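Structure, as structure tokens:
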């Protein structure tokens, strides 16, 4: 949907709320569609392309309530405004959620990482985004807040279709919770396949966490990007793999299950056939390369 | 409907008090409003890094930053790295000249800003660290080698000290 011809900067309103409560009230105000504005690395591009209809930007950047990283024994809770740089430089996240750190380090470049946020990455809802597969693999939950209260939802399944999500128009993503992984880092795997290691949108992106008991897959969860209209949790593949021993694993059969779960397309970046092939390759690398 | 806000920020150490559209890009405020044309627009999408500046010491693409988010910010542009009355250029600037790190020069301000941001954090980076730090800056002329060698030359000019790596 493009802005009307001639809609210049005056088509947008900009408000800087004092605090989160005021931000939520702005989200509930009915006059002009409220759009939360975090680091702006997606929205500014859309504005430049004149691809944003008139709206009321709610400036989230000053809201320190949305920046905290809280480490707890059973989970880590990150504010929605946590930037990629903050993720990448956080020693506990490096040790405990290495896939999220890898994802943050390969998103854009330093200048993007200093402004891009986890919340913005989630709510921009691109099926090709880099952090969502890691968030899926770690079983992330999202906190959505409005003037009516707060609720937690699983991130898996949050996106229902291309750029559509389970969010009321007045809700703001405030926090992301990651359960502490049961699998040690040797069971974590992330790979983003694209034309270069920076400033590139993925052709396929895969994140997986497997808890191995000896050579048996005790528990596994996988997230993929760029192979469906939304980021994908490969549940059927996980069900197929659970309990199997590495030596008895029919990789071709596992690939076939994954192939049924993905629905890639041909687009400017890649082809459906390539994406199917590479998704299967990444699954194999995950299964043979983790322990 | 407020088309302008009052924003106070500093640019290269000079305080400014501006009535400006909060959605104006920092890039345009720098170039059009303040006449600091050293910062370039290469793509307007945050892909090329020609518009890179430092905001409170952090490397940012000024084409993606609305000035309404810069209340109280300290911005450093290429002009601020070596003021016209400075006795000499910074080592990174001298090194770019000596190592052939610039040809047409359009990427150079952003490259120098990005290199400066790296060297502030990591005075003795490896080649891999240089490549990662400059990954957001595109050059169409040099093939990058002269730029990386300039950063390495500037790093050799820095005194040895405890290195704080960006990645633990």
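Every number here is computed from the coordinates shown, using simple stated rules; none is lab data. Everything numeric here is computed off the predicted structure, so don't read it as measured data. Please note: Cβ atoms are built from the backbone with ideal geometry, for glycine as well, and neighbour counts cover all protein chains shown.
Approximating the spin labels as points 7 Å out from Cα along Cα→Cβ, the residue A:216-to-residue A:75 distance works out to 2.9 nm.
From the helices alone, meaning DSSP H stretches of at least four residues, give me the mean residue ellipticity at 222 nm for chain A, per-run term -39500 (n - 2.57), in deg cm²/dmol to the nearest 500. Helices in chain A give a 222 nm mean residue ellipticity of -8000 deg cm²/dmol. Inter-label distance, residue B:103 to residue A:64: 4.9 nm, where each label sits 7 Å from its Cα along the C-beta direction.
Return a whole-number percent for the relative contact order of chain B, with Cα pairs under 8 Å and 6 or more residues apart as the contact set. Relative contact order here is 22 percent. A full extension of the chain between residue B:158 and residue B:4 corresponds to an added length of 51.0 nm, given 0.36 nm per residue minus the alpha carbon distance. Would the range A:204-287 count as rounded, prolate or oblate if I go by the C-alpha gyration tensor, calling it rounded below 1.5 in a/c and otherwise prolate when a/b exceeds b/c, oblate otherwise? The shape class here is prolate. The helix-based estimate of mean residue ellipticity at 222 nm for chain B, built from -39,500 (n - 2.57) per DSSP H run of four or more residues and divided by its residue count, is -8000 deg cm²/dmol to the nearest 500.
Take each residue in B:46-59, count the other chain C-beta atoms within 10 Å of its C-beta, and the mean is 4. For peptide A:38-46, the mean count of partner chain Cβ atoms within 10 Å of a residue's Cβ comes to 5. By DSSP, the beta bridges lying fully in chain A are antiparallel in about 85 percent of cases.
Can you tell me the 0 to 90 degree angle between the C-alpha axis of helix A:251-261 and the longest principal axis of chain A, rounded to 10? So the helix axis and the longest Cα principal axis differ by about 30 degrees. Counting only alpha carbon atoms, the long axis of helix B:145-157 and the longest principal axis of chain B meet at about 80°.
Take the Cα of residue A:161, step 7 Å along the line toward its Cβ, and report every residue of the range A:106-150 whose backbone nitrogen sits under 17 Å from that point. Those under the cut-off are A:125-127. When the square roots of the Cα gyration tensor eigenvalues are ordered a ≥ b ≥ c, the ratio a/c for the range A:122-182 is 1.5 or more and a/b does not exceed b/c, which makes its shape oblate.
Prolate is the label for chain A, because a/c, from the alpha-carbon gyration tensor with a ≥ b ≥ c as root eigenvalues, is 1.5 or above and a/b exceeds b/c.
When A:165, A:47 are sorted by how many other C-beta atoms sit within 10 angstrom of their C-beta, beginning with the fewest, the order is A:165, A:47. Per residue, the average separation of C-alpha pairs within less than 8 Å and at least 6 apart gives the range A:46-119 a relative contact order of 27 percent.
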